[in-house]
Amino acid sequence: MMETRSLQELVTVVEHEISRFQSQKEMYSERLGNFLRESEEKHGSEEWFKRISLGEKLPKGKAKSKKKEKKKGKKKKKGKKGEEPEEWIAFQSMLLSSSIQGEAELMFEVIEAITTKIEELEEAKTSIEELRSVGLGDEVSYMMFIREGVPKKIVIKPAGADDMLKFTFSKGFTVVRAIQQ
């Protein structure tokens, strides 16, 4: 939760978060690029490498099939000899992998999650800027609910006790002043 009397302060915080996530995305993208170049010689002919190099998602491994097996009455599949082991193994609340394929998949998922976070922050920034254009001014304070770094809800309230009687808002978020006769 964050409280402020200025939407500009909130815009600045959101812009800082966007910048931080963009630099993280660049770092992981560079790391992924290096990983793919280094792995191409050894794994370039493998189907999973071709698919991941084209940006396709790999099929989920053992952890998902275990869940399905439990629901179907714990039937066990017998693997063929010489078949590669599944890439992910369920361990309590996590999935584990020791394969190069798992490492590549993990980096792609991290970049995808960061991209999603940047998009959410950009949408929040646009909404806040739209609020600024309405012109609420400095007579109000803003209390924000921030979930995972992204503003989700804003409560608008008068800045002082005297303003309580003067303050109302409609769908357009306008400040109404009482006229004395």
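Details
- Neighbour counting of Cβ atoms within 10 Å sorts the residues Thr4, Thr126, fewest neighbours leading, into Thr126, Thr4.
- Extension gain for Thr126 to Ser93 (0.36 nm times residue separation, less C-alpha to C-alpha distance): 8.3 nm.
- As a proxy for reagent exposure, ranking Ile18, Ile156 by other Cβ atoms within 10 Å from fewest up yields Ile156, Ile18.
- Listed from fewest to most Cβ neighbours within 10 Å, the set Met94, Met144 follows the order Met94, Met144.
Where a number appears in this text, it was derived from the coordinates with a stated rule and is not lab data. Note that the coordinates shown come from a computational prediction; the quantities given were computed from them, not determined experimentally. Glycine gets a Cβ as well: all are built from the backbone with ideal geometry, and neighbour counts include every protein chain shown.
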